[in-house]
Each structure stands twice: as C-alpha cells, then as structure tokens.
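Each reported figure results from applying straightforward, stated rules to the coordinates on display, with no laboratory input. Quantities reported herein were computed from a predicted structural model and do not represent experimental measurements. Cβ coordinates were reconstructed from backbone atoms using ideal geometry, including for glycine residues, and neighbour counts include every protein chain displayed.
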Amino acid sequence: MKRYPVVLSIAGSDSSGGAGIQADLKAISALGAYSATAITAITVQNTLGVRAIHPVPPEYVKGQIEAVMDDLSPDAVKIGMINDIEIVRVIAQALKKYQPAHVVFDPVMISTSGSKLINDDAIAVLTSELMPLTDLITPNLDEAEVLTGKKITNLDEMKAAARSLLNYGSKWVLVKGGHLQGEIIYDVLQAQEGDPVIFTGDHIESKNVHGTGCTLSSSIATFLALGDSMPKAVEQAKAYITGAIRHGKDVKVGHGNGPLNHFWKPVPMIVYDGE
C-alpha cells in the first residue's frame with residue numbers, strides 16, 4: 001500500500017479562514033501533504049479582529065488527537081493557539097503517549113490585530129509542561145518578549161532571546177523578526193548547541209499578513225514530515241511564506257488584515273511507498 005505524509009494541526013479555528021486551523025489546512029495541502037486537525041478553540045473573528053474565543057472542552061481536544069494518532073499516525077505535529085490550562089495538559093499527555101517524530105509549537109499569544117489570545121495563567125503551564133516536549137518553538141517578537149521578559153529591538157537581542165528561550169526545553173527556537181522596522185527581515189534559528197542560523201529576507205509592504213505565523217509553523221512541520229532537516233525545513237518554509245505574501249499583497253479580502261495567498265505555488269499530493 002502507498003501512503004501520504006500526514007501532518008496534524010492542533011490549533012484554534014478562524015472563522016475568516018486566514019489563520020489558525022484554516023491556514024494550516026491550506027499550507028499543508030499546498031505543500032503536498034495530508035492535513036488532519038484537532039481544534040482547541042472556536043474564535044469569532046474576521047480581518048478586523050477577534051470578537052470572542054470559546055475553548056473546546058479538554059476531553060474533546062484529547063479525543064480528536066487520539067482519534068487521529070490511533071488511525072493516521074502523523075509524521076509531524078504543529079501546535080498553535082491554546083488558551084486553556086487543561087487543554088495544554090491533555091496535549092502534553094498525548095505527546096508523551098504517542099511521541100510523534102516532529103513537534104512544532106507556535107506559541108500564539110497575540111493576534112495580528114493586537115488581540116490577546118491566551119490567559120495569563122496558561123503561559124506558565126505551556127512553558128513548563130509543553131515546550132520541553134517540542135522540537136521547535138516559533139515565537140514572534142511580541143511573544144518572545146512575553147516569554148523572556150525583555151524588550152527586543154535588534155538582531156543581537158533576537159539572538160540573546162533565542163538562547164534564553166532554549167531554557168524552556170525545546171530542541172530548537174526560531175525567533176521571528178518580521179515586526180522589526182527596516183528593509184531587511186531577520187529570523188534567528190538556534191539549537192541547544194552551536195551558532196545561530198540567521199535567515200534574511202526583503203520586507204514586503206502588505207496589509208495581507210493575517211495568519212503568517214500559523215502558516216510558517218505548519219509549513220515547517222510539513223517539510224519536517226517530508227524529511228528535511230530543521231534548518232532546511234525553516235529555509236523552505238520561509239521561501240513559501242515569502243511567495244505567499246508577495247502573491248497576495250495586492251488582493252483585497254475583507255476590510256482589515258487580509259490573508260496570504262496559500263496556493264500561489266501548489267505541490268501535488270505526495271505519495272510514499274510502504275505502510
């Protein structure tokens with residue numbers, strides 16, 4: 001029998017389709033893998049902002065993850081928005097039970113429009129119980145500042161933040177610098193040992209960047225599922241994101257922060273030999 005590479009996204013639902021589970025489904029599919037999902041929360045939102053968040057009961061989050069794990073055996077897992085302590089814990093328990101090969105965690109705390117998406121008391125639990133079980137965490141500058149307690153204004157401070165964030169136990173940290181001012185965008189990838197890998201890219205002027213972080217993390221998870229090393233997976237994902245922003249910047253969807261063009265360069269579904 002043949003099989004598809006499978007990526008499980010554990011994240012919140014975005015009713016406007018630009019971020020969260022919906023962005024993950026689009027990105028994973030566009031890159032040639034099969035996407036399964038476990039929804040952690042239902043958000044009421046559009047391109048103008050988040051109006052409300054309703055967490056899914058933890059037992060149903062657990063049930064979704066176990067149903068997928070027991071049957072589809074995902075090659076990689078991406079974790080996004082979690083705003084409930086018990087949901088953090090059931091995800092951590094599932095990772096310990098199933099031990100997926102690759103786990104990418106995007107610690108979503110603040111939306112593109114500036115809305116806070118996580119309860120304060122959940123942060124300590126996800127740093128102590130979830131992050132040590134991950135291969136990569138992908139905070140943006142706002143999230144890195146929350147997690148380190150330090151302001152980040154330049155590349156050197158990004159490097160220091162990445163090293164500091166490794167203390168939470170993840171094997172790798174990617175500090176995303178898209179919020180820094182300037183013509184060049186820097187991202188810092190740091191492993192537990194060795195020098196950082198610095199990625200650079202041109203700043204693209206666009207209002208359509210809703211869901212960029214969700215899309216990047218699910219893309220990295222997909223490339224890991226396809227067999228890339230961590231640095232290569234990040235490089236490939238960044239190239240995909242750059243194209244998605246560039247090809248979506250002149251399209252109007254809604255009246256606020258619009259989505260990326262996830263299908264600017266779709267890859268046919270990949271098929272592997274074997275069970």
What translational diffusion coefficient, in µm²/s and rounded to a whole number, does the Stokes-Einstein relation yield for region 11-128 at 25 °C and a viscosity of 0.890 mPa s, taking the hydrodynamic radius as the Kirkwood radius over Cα pairs? 168 µm²/s
Straight-line reach only, C-alpha to C-alpha below 27 angstrom: list the lysines that LYS238 could link to, leaving out same-chain residues fewer than 8 apart. LYS26, LYS78, LYS116, LYS150, LYS151, LYS159, LYS171, LYS176, LYS207, LYS249, LYS252, LYS265
Bins of 10 Å from zero: percent of alpha-carbon pairs in region 162-210: 25, 43, 25, 7
Checked the chain against the a/c 1.5 cut and the a/b vs b/c comparison, axes a ≥ b ≥ c from its Cα gyration tensor; verdict rounded
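Please work out how much length the chain gains when fully extended from ASP273 to ILE85, using 0.36 nm per residue of separation minus the C-alpha to C-alpha distance, in nm with one decimal.
Numbers: separation 188, 0.36 × 188 = 67.68 nm, distance 3.98 nm.
Gain on extension, ASP273 to ILE85, equals 63.7 nm.
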Summing Lys, Arg as +1 and Asp, Glu as -1, what charge do residues with Cβ under 11 Å from the Cβ of GLN93 carry, GLN93 excluded? +1
Can you give the Rg to Rh ratio of region 1-76, both from alpha-carbon atoms, with Rh computed by the Kirkwood formula? 1.02
Ranked by GNM mean-square fluctuation in the chain (Cα springs under 10 Å), the top entry among ILE82, ILE91, ILE184 is ILE184
